[in-house]
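Peer 1: Structure below; questions to follow.
We did not get these values from a lab; they are worked out from the coordinates using the rules stated. Every value quoted in this text rests on a predicted model; they were computed, and no experiment measured them. Every residue, glycine as well, gets a Cβ built from its backbone with ideal geometry; the counts of neighbours run over all protein chains shown.
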Amino acid sequence: MTFNPYTSPQSDLGDVMAQGAREYPGLNRLMFFLTGLGAVVILFLIAWFSKSGPEGPLVGLAVAFVGVVISVQRVRNIGWSGWWGLLQLVPVASFVQTIFLISAPAGYADTKRFDTAGKILLGISIAIAILSGLAVFSFVAFFPSD
């Protein structure tokens, strides 16, 4: 093989990078959001159109089941154990976990860093949570129940 100074250099770095690349199973951020939104809309419609009766607790169990299933898929996409998805059954922890699951990129367990979209989503989620809390507080403060 002769040396030609005008050819581009060759490197085996591409092979090394391909070996280090890891696929993350489960739901990405967008699919997690859309699946959760779709499930909430469908379950809301079921509850809306069902007559009062024994369906109420069943709809509640369906909401909890769907929440756990999609959380397990999203937690696996982040790179953590699927068991962390059961945290959706704890009332306050589920709220915090949902904000985190919407914000964290795929493979967060490896990098431990939010990307730009994740930082924006985290800021928006926290702002919505604060505004919702203020709205509930002001509603309770200005319209007391007698």
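Peer 1: Considering only residues that are hydroxyl-bearing (Ser, Thr, Tyr) and without any contact (Cβ under 8 Å) to a residue 12 or more places away in the chain, which ones fall in the stretch 125-146?
Peer 2: Ser132, Ser138, Ser145
Peer 1: How about the stretch 49-91: which of its residues are touching a residue at least 40 places away in the same chain (Cβ under 8 Å) and over 20 Å from Gly38 (Cα atoms)?
Peer 2: Within the stretch 49-91, Arg76, Ile78, Gly79 qualify.
Peer 1: All but one of (1) among the acidic types (Asp, Glu); (2) under 30 Å from Arg22 (Cα atoms); (3) free of Cβ contacts under 8 Å to residues at least 12 places away in the same chain hold for Asp110, so report the exception by its number.
Peer 2: Just one mismatch for Asp110, condition (3).
Peer 1: Among the residues of the stretch 37-59, what is the count of those that are part of a helix (DSSP H, G or I) and over 19 Å from Gln97 (Cβ atoms)? Talk me through it step by step, then tell me what you get.
Peer 2: From the stretch 37-59, those part of a helix (DSSP H, G or I) are 37-49, 55-59; that's our starting set.
From the residues that got through so far, the ones that are over 19 Å from Gln97 (Cβ atoms) too are 38, 41-49, 55-59.
Total meeting the criteria: 15.
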